[in-house]
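Enquirer: Here you go, one structure.
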Amino acid sequence: MTQAVPAAHLAELNVVTLRHPFEDPRMASFVELLNPVNAEADGAPGFVWRLVEEGAEDATGCSPAGEDVVVNLSVWESPRPCGTSPTAADT
């Protein structure tokens, strides 16, 4: 039995300009949580894919608009990632 392929997926793109470089002590807690947060997303219901720099665990090295710009791109099966319950807007 084959599984039905969804007609579409939801892509989420986040782009941020860093206030401080990753090596700055003020960024330590953010950097420390990158892997646990990415692991949580990777195992979440509805998760399909996320951008990862070749040879790295995440995409923080991808700098399409400069060294202080971080990009995060993920793909989900629907607008309700992480197994959340449908809301009135979803029905």
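The values are calculated or read from the model by the stated rules, or taken from the named source; none is laboratory data. Note that the coordinates shown come from a computational prediction; the quantities given were computed from them, not determined experimentally. Cβ sites come from the backbone with ideal geometry, for glycine too, and all protein chains shown count toward neighbours.
Enquirer: Restricting the search to the stretch 52-68, which residues are of a type outside the set (D, E, K, R) and either within 11 Å of the chain's Cα centre (by Cα) or surrounded by 12 or more Cβ atoms within 10 Å (Cβ to Cβ) (or both)?
Expert: Going through the stretch 52-68, the residues of a type outside the set (D, E, K, R) turn out to be 52, 55-56, 59-66.
Those that are of a type outside the set (D, E, K, R) and either within 11 Å of the chain's Cα centre (by Cα) or surrounded by 12 or more Cβ atoms within 10 Å (Cβ to Cβ) (or both): 52, 59, 60, 61, 62, 63.
Enquirer: Another question, then. Give all pairs with beta carbons closer than 9 Å in which a residue from the stretch 9-31 that is in a strand (DSSP E or B) meets a residue that is aromatic (Phe, Trp, Tyr) and surrounded by 11 or more Cβ atoms within 10 Å (Cβ to Cβ); count only pairs at least 6 apart in sequence or on separate chains.
Expert: 10/76; 11/76; 12/76
Enquirer: Of the conditions (1) among the hydrophobic types (A, V, I, L, M, F, W, C); (2) farther than 25 Å from residue 8 by Cβ; (3) modelled with pLDDT of 90 or more; (4) loosely packed, with under 15 Cβ neighbours inside 10 Å, residue 49 fails just one. Which one is it?
Expert: Going through (1) among the hydrophobic types (A, V, I, L, M, F, W, C); (2) farther than 25 Å from residue 8 by Cβ; (3) modelled with pLDDT of 90 or more; (4) loosely packed, with under 15 Cβ neighbours inside 10 Å one by one, residue 49 breaks only (2).
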